[in-house]
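The values are calculated or read from the model by the stated rules, or taken from the named source; none is laboratory data. Keep in mind the model is a prediction, meaning the values are calculated, not measured. Every residue, glycine as well, gets a Cβ built from its backbone with ideal geometry; the counts of neighbours run over all protein chains shown.
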Amino acid sequence: MSTIIVSHGYGSSDDSVWFPYLRAALEVRGHRVDIPHLPDTAAPRLEPWRTVLAARARVASAGDTVLVGHSLGGVNVLRLLEQHDVDNEGAFAGAVLVSTASHEVGYDALAEFFAEPFDWPRIRRAAGQFRVLAAVDDPVNVPDPVEHVKDLVTGLGATAVVTPTGAHFGATPDDHMDLPEALRLVLDCLGRDH
């Protein structure tokens, strides 16, 4: 049994957007899904978010764990991987970043998440595989959503799926939807019979 840990985004929670779909689809396959409710979602701070995610990630074996992040949650995953002790804890099986920005997108409240450049080599070493899912019509990851994808692919050596539509794959917490593309990418990171 593998563990999938999901980091929700700005203003969201554990039951927002496509998380209920992902949880149900993975649990029926025998996987454990953990979606921690991160603190102060309306005014997120990097250190508390990273700390909560790191505590949950330490509960499972890194080699059997896939980290998933949506929007700012994807940035949180990247920041966690940047500080992950690969030598003592091993690399995670993979990371799936959905609608994740590679740099500041104009939200002053989120600036600290992007204050330092990403340490791409250190992040790459912390997970076996990286997958990126984004939509060309994403209104959040400006000025060009595809530019963010290119940065993530280049920095991480990631495989990307870019859809023509889909916007931010859930702009508000109550945008409940199925997102089979995200499920497929998680299963792909697990890389065995799922």
Notebook entry, point to check: Exactly one of (1) under 24 Å from residue 186 (Cβ atoms); (2) without any contact (Cβ under 8 Å) to a residue 40 or more places away in the chain; (3) polar (S, T, N, Q) is unmet by residue 102. Its number?
Noted result: (2)
Margin query: Suppose we filter region 77-117 for residues that are buried (at least 20 other Cβ atoms within 10 Å of the Cβ) and either of a type in the set (A, V, I, L, M) or within 28 Å of residue 2 (Cα to Cα) (or both); how many remain?
Written below: 18
Next item on the list: Only residues that are assigned to a helix (DSSP H, G or I) and modelled with pLDDT of 95 or more: list them for region 81-110, please.
Entry: 81, 82, 83, 86, 87, 88, 89, 110
Item checked: Criterion (over 16 Å from residue 128 (Cα atoms), touching a strand residue (DSSP E or B) at 6+ places or on another chain (Cβ under 7 Å), hydrophobic (A, V, I, L, M, F, W, C) and outside any loop (DSSP other than H, G, I, E, B)) met by exactly one of 33, 77, 66 -> 33
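For every residue, the table says whether it meets (1) surrounded by 14 or more Cβ atoms within 10 Å (Cβ to Cβ); (2) assigned to a helix (DSSP H, G or I).
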| residue | (1), (2) |
| --- | --- |
| 139 | no, no |
| 142 | no, no |
| 149 | yes, yes |
| 155 | yes, yes |
| 160 | yes, no |
| 168 | yes, no |
| 173 | yes, no |
| 178 | no, no |
| 181 | yes, yes |
Next item on the list: Would you check which residues across region 111-122 are more than 16 Å from residue 9 (Cβ to Cβ) and in a helix (DSSP H, G or I) and list them?
Entry: 120, 121, 122
Note to self: If residue 50 meets every condition in (1) basic (Lys, Arg); (2) under 22 Å from residue 179 (Cα atoms); (3) surrounded by 19 or more Cβ atoms within 10 Å (Cβ to Cβ) apart from one, which number is that one?
What the structure shows: (2)
Margin query: Can you find, within region 119-133, the residue that is nearest to residue 171 (Cα to Cα) among those that are out of contact with any Phe, Trp or Tyr (no Cβ under 8 Å at 6 or more places or on another chain) and buried (at least 20 other Cβ atoms within 10 Å of the Cβ)?
Written below: 132
